[in-house]
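Written below as structure tokens is the structure these notes are about.
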Amino acid sequence: MQLHFSPSMRSITISSNSNNGFVDLMKIKVAARHISYRTLFHTILILAFLLPFVFILTALVTLEGVNKCSSFDCLGRRLGPRFLGRADDSGRLVRDFYKILNEVKVGEIPADLKLPDSFAQLVSDMKNNQYDAKTFAFMLRGMMEKFEREIRESKFAELMNKHFAASSIPKGIHCLSLRLTDEYSSNAHARKQLPPPELLPLLSDNTYHHFILSTDNILAASIVVTSAIQSSLKPEKIVFHVITDKKTYAGMHSWFALNPVTPAVVEIKGVHQFDWLTRENVPVLEAVENQNGIRNYYHGNHIAGANLSDTNPRKFASKLQARSPKYISLLNHLRIYLPELFPHLDKVVFLDDDVVIQRDLSPLWDIDLEGQVNGAVETCRGEDEWVMSKRFRNYFNFSHPLIAKHLDPDECAWAYGMNIFDLRAWRKTNIRETYHSWLRENLKSNLTMWKLGTLPPALIAFKGHVHPIDPSWHMLGLGYQNNTNIENVKKAAVIHYNGQSKPWLQIGFEHLRPFWTKYVNYSNNFLRNCHILES
């Protein structure tokens, strides 16, 4: 901003600097040729008073991106409405549109309104049909509700497909079982005694480390055994007791007979070979065989009769997982009968078939359980809030009066999958009877007391008999947690693919699969012939 006096003192010019040089903002002419110094002084004083206001107005125009405006006419058009108390038209339009949106939010979408399938079509329809703002808002709302509905339906369909994939037997694993079963009938080497007669005393020798694995998945069993032996500092001290069902027994026996795991010892037992497993001792058998309601619950149509509008995908996924057919398999309930099945053993480690052992587990036998029965990792505290935040409220229906009366919703849960059991201490308790009594109560309540298979009744039966062990022994969630911390996976002694996304399934997480596949012998002829190949 500059002030210029003409040489003749007849005019005073106010100029402003712009991109094109100096622009005259105001020019004042003095009428009289001769002007008194007093008049000049007052003129300069008035101008000095006005100049700051002119500067502020110019700055406002510049900040609003109209610094090229170089006349009072332009400046007036910009600032006039503000001095007169009138708001900018854009603000009024925004308020009007908000008003329309609020009306549309509570209104009914016209039945004859044709919704476009894409944003491009919406723009085209707007241009061609000259829709008003209210019609546009209705179309926008209709499109969003339609897309939300389709996304929700797709999510539920995805969860159902994933449930079916997790519950089915992959073609390659089914082929492996059939071929090994056939080998058992035609190859004497596949039928050889396991373990050899000279090693039979080791099956009840408590100076050895005894692992128990209950499964009908031959490939999964091979990974558990192989990973445990390869990770052990003293594999010659390991004894594995693999329990399977009658239909898988021949194939399981063939695999370990043809693929010895020396220097470790492996015993293969079928549930039909345990005389103790009768209907009188195991009420689960009778319940599974006689109750059609139970079979329909686990094998029926999980969408029929379900109100998907009253649930969300996460709750629906939890319900589907709770209806996995494995929960009515006797193999899944066998762990509650370990003291009776292995009467000569004092301390054992029970493993699920979806685990991988990455570290020597022999120190587990040195843990002082302080008189407790079950050494387990608690699942109510840890860095992973998704996996390690499980309390009793996550497993039980506390609206049921029996559950509300006997259990605390805030009590910490613990994990199955890798447990150290003191069978001597167990035999002094009534854990099995408690387990059975709560199973019967849940059957009477039409399976409304809890959701997930064997863990909830075990949480009750082992209540007061659990000794927490360090979480680094057992890391969970690799079967349903996509964003698992890889560094923590590498450090864990046992990693557990609990959940639907097992590593042997196509739905397994690709970045977590290598921790499992590293123990698969892809050169084995049975695996090659069944096309179980590394992907």
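Rounded to the nearest percent, how much of the accessible area of segment 333-457 (1.4 Å probe, protein heavy atoms only) is carbon and sulfur? Of the solvent-accessible surface of segment 333-457, carbon and sulfur hold 46 percent.
Annotated for segment 92-187: lysine pairs at least 8 residues apart or interchain, Cα distance under 18 Å, count 9. Over segment 173-274, all Cα pairs binned in 5 Å intervals from 0 give whole-percent P(r) values of 2, 13, 25, 26, 20, 10, 4, 0, listed from short to long. Partners of Lys490 within straight-line reach, counting aspartates and glutamates whose Cα lies under 18 Å from its Cα and excluding those fewer than 8 residues away in the same chain: Asp354, Asp360, Glu383, Asp384, Asp470, Glu510. Residue ranges 353-363, 128-138 sort as 353-363, 128-138 when ordered by packing (mean number of other C-beta atoms within 10 Å per residue, highest first). Whole-percent P(r), segment 400-535, all Cα pairs, 5 Å bins from 0: 2, 8, 14, 15, 14, 14, 12, 10, 7, 3, 1, 0.
Within the accessible surface of segment 193-273, defined with a 1.4 Å probe on protein heavy atoms only, the carbon and sulfur portion equals 55 percent. Taking all protein chains together and rolling a 1.4 Å probe, Trp414 ends up with roughly 10 Å² accessible. The alpha-carbon of Lys192 sits under 20 angstrom from the alpha-carbons of these lysines, leaving out residues fewer than 8 places away in its chain: Lys246, Lys247, Lys269.
The values are calculated or read from the model by the stated rules, or taken from the named source; none is laboratory data. Treat the numbers as computed from the prediction; the structure is a model and nothing was measured. Counting neighbours? That spans all protein chains shown, and the Cβs are built from the backbone with ideal geometry, glycine included. These accessible areas exclude ligands, DNA and RNA; they are computed on the full protein's heavy atoms, side chains included. Shrake-Rupley method; radii C 1.70, N 1.55, O 1.52, S 1.80 Å.
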